[in-house]
Amino acid sequence: MLSMNVGPFALSGNVLLLLAAGLVAAGVGHLVGRRQQTGIVNTLSDMLIAGVIVARIAFVALWFDTYRSSPWSMLDIRDGGFTPWAGMAAALLVAIWRGWRQPALRKPLLLGLTAGALVWGALFGALRTTERPALPKLALTTLAGAPTSLAALADGKPMVVNLWASWCPPCRREMPVLAATQQRETGVRFVFVNQGEDGATAQRYLSAGQLNLANVLLDPGAALGREVGSGALPTTLFYDANGRLVDNHLGELSAASLASKLEPLRTSASASGKD
């Protein structure tokens with residue numbers, strides 16, 4: 001499962017795991033600390049805030065050259081640009097500082113975080129067993145109506161598969177970034193799979209936006225989204241040169257977040273070329 005719709009919102013699997021782990025940590029911390037009337041919710045909130053801010057700052061610092069042309073986009077965290085290890089380090093430092101300042105907090109915080117980590121690990125493992133890491137074998141069609149498949153287009157190259165629709169605002173916003181990257185990254189195969197629309201609708205949108213895209217495919221029944229476990233658009237899937245799913249992204253991609261996810265694909269392409 002790559003995403004889940006909760007009312008009008010679509011949440012990625014990683015966010016759902018974090019929410020579940022946080023709720024368990026808060027619950028265990030409350031039970032352990034209730035005799036001393038010591039809760040850990042405020043500390044968990046501060047850990048989350050510090051982790052998100054530091055993870056974002058670290059990511060922007062790493063990809064500053066990409067953000068330089070559009071400085072305000074540094075503040076738009078919808079692109080999913082975060083450096084996890086930096087955020088985890090910041091959150092851990094907050095926990096250590098709070099525990100040092102408040103001795104009564106140490107036991108509930110330690111046990112709460114341990115329980116949250118165990119739940120996160122168990123759910124992560126369970127989700128991984130349900131993933132379908134190989135390229136889907138669904139039958140798709142080109143804009144011209146010819147049958148094809150993702151495997152046929154891959155031809156031994158890493159592949160980026162973008163699920164989109166013309167009515168989807170974030171799809172439209174990210175499309176120029178993907179189009180420019182497709183022109184530049186010739187070692188990676190970019191495929192744009194329209195979800196739920198006919199060829200005429202897709203072609204009208206591409207023509208109106210003057211988007212010169214290769215490998216635009218049609219999936220009128222939106223079967224690919226169901227196959228990969230995502231009902232939200234846009235969803236972008238990243239496959240290595242061996243056809244294994246190595247990453248995914250729910251929502252709009254920026255130039256920086258796309259570049260960060262392409263790095264492992266370039267590595268797989270180089271390794272495949274040496275074999």
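Since every read-out is calculated from the coordinates, none of them should be taken as a lab result. As the structure is a computational prediction, the values presented were derived from the model and not from experiment. A quick note on method: Cβ atoms are made from the backbone with ideal geometry, for glycine too, and the neighbour counts reach across all protein chains shown.
Rounded to the nearest 10 degrees, the angle from helix 41-62 to the longest Cα principal axis of the chain is 40 degrees. Packing around the peptides 107-114, 190-197, taken as the average count of other Cβ atoms within 10 Å per residue, puts them in this order, highest first: 190-197, 107-114. The chain has equivalent-ellipsoid semi-axes of 39, 20, 18 Å, by the square roots of 5 times the alpha carbon gyration tensor eigenvalues, sorted largest first. Considering only DSSP beta bridges whose two residues both sit in the chain, what percent are antiparallel, to the nearest 5? That works out to approximately 65 percent antiparallel.
For the range 109-210, would you read off the P(r) tail past 21 Å as a percentage of all alpha carbon pairs? More than 21 Å apart: 53 percent of the Cα pairs in the range 109-210. Per DSSP helix of 4 or more residues, -39500 (n - 2.57); summed, then divided by the residues of the chain. What does that give at 222 nm, rounded to the nearest 500? One gets -17500 deg cm²/dmol as the mean residue ellipticity at 222 nm. For the residues Leu178, Leu250, Leu93, a GNM of the chain with alpha-carbon springs under 10 Å puts the largest fluctuation on Leu93.
For a straight C-alpha distance cut-off of 17 angstrom, the aspartates and glutamates reachable from Lys137 (same-chain residues fewer than eight places away being disregarded) are Asp155, Asp219, Glu227, Asp240. The stretch between Trp97 and Arg244, if pulled fully straight at 0.36 nm per residue, gains 48.8 nm over its current Cα-Cα span. Rounded to 0.05, the FRET efficiency of the Arg173 and Phe124 pair, given R0 = 45 Å and the Cβ-Cβ distance, is 0.90. The trypsin sites (Lys or Arg not before Pro) of the range 80-167 that DSSP puts in a loop, and whose beta carbon has at most 15 other beta carbons within 10 Å, are Lys137. Its alpha carbons give the range 140-274 an Rg and a Dmax of 13.9, 42 Å. Provide the FRET efficiency to the nearest 0.05 for the Leu138-Asp198 pair, computing r from the beta carbons and using R0 = 25 Å. Efficiency, rounded to the nearest 0.05: 0.90.
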